[in-house]
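Take a look at the structure below.
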Amino acid sequence: MSLYHNNYRKLLQLLPDLLGMAKSVKLTTLGHSDVYVDVIERHPHRLVLRMSHYLQRLHGAAIPDPDITVEVYLLAETVGVLTYSDCFGSRKVFCPELMAFSPLAKAELNNFLEQWLNKMIAEGRGQPNTECVG
């Protein structure tokens, strides 16, 4: 099974209502900051999600760290990273301005997604239990 299929199964474990997901949810667990999952685009066979973990700073507003945009292909049961940003910078798999695709960024970001999904599952974030308002 490919990394993209494995990540889909892990995402489905965290978001059991993924196929019908229409609103924003937050994944919570005791002792950890929430992870917010927002639906950016919904199509019959494709879903684009933004997943954000907010880092609390000593001074100023919290910032998303990491902030990941993923593309979910519902029929193929795969998920892949489109963009990634954290407090150090950002990366894209595809840069439309340059019409350039980065296989290295794709591999690294999807491996990171796998690690992050594993961490959230281990923390017990298995069910989104609160819908976000707004």
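Which one of the conditions (1) open to solvent by 50 Å² or more (accessible area, probe 1.4 Å); (2) assigned to a strand (DSSP E or B); (3) closer than 18 Å to Tyr4 by Cβ does Leu49 fail to meet, given that it meets all the rest?
(1)
Quick check on my filter: what residues within segment 5-36 are under 16 Å from Thr83 (Cβ atoms) and modelled with pLDDT of 95 or more?
Hit for segment 5-36 is Asn7, nothing else.
If we scan segment 55-65, do we find a residue that is outside any loop (DSSP other than H, G, I, E, B), within 24 Å of Phe94 (Cβ to Cβ) and touching a helix residue (DSSP H, G or I) at 6+ places or on another chain (Cβ under 9 Å)?
no
Among the residues of segment 9-27, are any without any contact (Cβ under 8 Å) to a residue 60 or more places away in the chain, among the β-branched types (Val, Ile, Thr), open to solvent by less than 80 Å² (accessible area, probe 1.4 Å) and within 24 Å of Ala122 (Cα to Cα)?
Checking segment 9-27: not a single residue is without any contact (Cβ under 8 Å) to a residue 60 or more places away in the chain, among the β-branched types (Val, Ile, Thr), open to solvent by less than 80 Å² (accessible area, probe 1.4 Å) and within 24 Å of Ala122 (Cα to Cα).
Return the total of residues in segment 63-95 being at pLDDT 95 or above and among the acidic types (Asp, Glu).
Residues meeting the conditions: 2.
Quick check on Tyr54: is it open to solvent by 30 Å² or more (accessible area, probe 1.4 Å), touching a residue at least 12 places away in the same chain (Cβ under 8 Å) and within 15 Å of Met120 (Cβ to Cβ)?
Yes, satisfied.
The values are calculated or read from the model by the stated rules, or taken from the named source; none is laboratory data. As the structure is a computational prediction, the values presented were derived from the model and not from experiment. All Cβ positions, glycine included, derive from the backbone under ideal geometry; neighbour counts span all protein chains shown. When the accessible area is computed, the model is the full protein with side chains, heavy atoms only, and any ligands, DNA or RNA have been set aside. Shrake-Rupley method; radii C 1.70, N 1.55, O 1.52, S 1.80 Å.
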